[in-house]
Amino acid sequence: MEIFLNLTLIVASLLIFFVFKKMKSLISKQGGVLIILSAYLLGIKVFLLSDFKSLGFRLDNINDTLLPTIIFTMLSIAILSVMRFRTRKFKVIKWFLSLLTLYLFFGILQQAFFQSVFTHTLKELLNNNVLVVIFSGVFYSAFHWDWRAKELTFGFLTLFAGVVWAILFLSSPNIILLGVSHAILASLYYFIVHKDNVLKERADSIRKKDIVTKLKSYEHKSYKAGKWIKKEIDTDKKRIKSKINELRSR
């Protein structure tokens, strides 16, 4: 029964992956559904284990992987720093703090999904840490990579991060620590490398979706109104024709 549930969790995780790849942004109605589904999968893990600590929701083991996490995060910051730096034409500090706050939530959430659900479940099924780390790293990278040639560097960066975070999780699971590392690196990537204002991009994407939804709604209402008007006109025509026939018969 446990093996079946673990396989179901892996299949569900892959399903989330394919749905996510069709989405424009996690900050949307579909993104909300995926977040709820991820939380549901995490709930199944808790039900199977009856233990939050083994899934990384703990503070008592921070010292176990604190130094390796700091070294990895600093090394990654150094790698990002040698990449092309983008000048900003907006209030950087306020923008960066907003981005960091957002990613503290999404960083912990993502690590809960990738490590507590996916990596932990793979370990239960495979019992081979090398394979688990490889599959987990590829899964994380595939989630974040758009498979475009110009984003090849980003793909390798996410693969590297996915592998290291999986190793750290297997060594001593701590989602809070990994989530903070994730938040710092994601925020700095969008600050140092990404050419545009990612917060504005996400907001514009949501607004465009709302506009498209409203336009479709208006089109639908116009179509229904048109059908009603046509029906009324046809009814009036029949009524007039009936009156004419009635008068002629007299």
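The values are calculated or read from the model by the stated rules, or taken from the named source; none is laboratory data. Please read these numbers as outputs of a predicted model, since none were measured by experiment. Counting neighbours? That spans all protein chains shown, and the Cβs are built from the backbone with ideal geometry, glycine included.
Quick rundown of the values:
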{"item": "Within region 145-189, considering residues that are hydroxyl-bearing (Ser, Thr, Tyr) and more than 16 Å from the chain's Cα centre (by Cα), the one modelled with the lowest pLDDT", "result": "Thr153"}
{"item": "Boolean, Tyr40 is assigned to a helix (DSSP H, G or I), within 24 Å of the chain's Cα centre (by Cα), within 19 Å of Val164 (Cβ to Cβ) and modelled with pLDDT under 90", "result": "no"}
{"item": "Residues that are loosely packed, with under 11 Cβ neighbours inside 10 Å, part of a helix (DSSP H, G or I) and at pLDDT below 90, drawn from region 44-77", "result": "Phe47"}
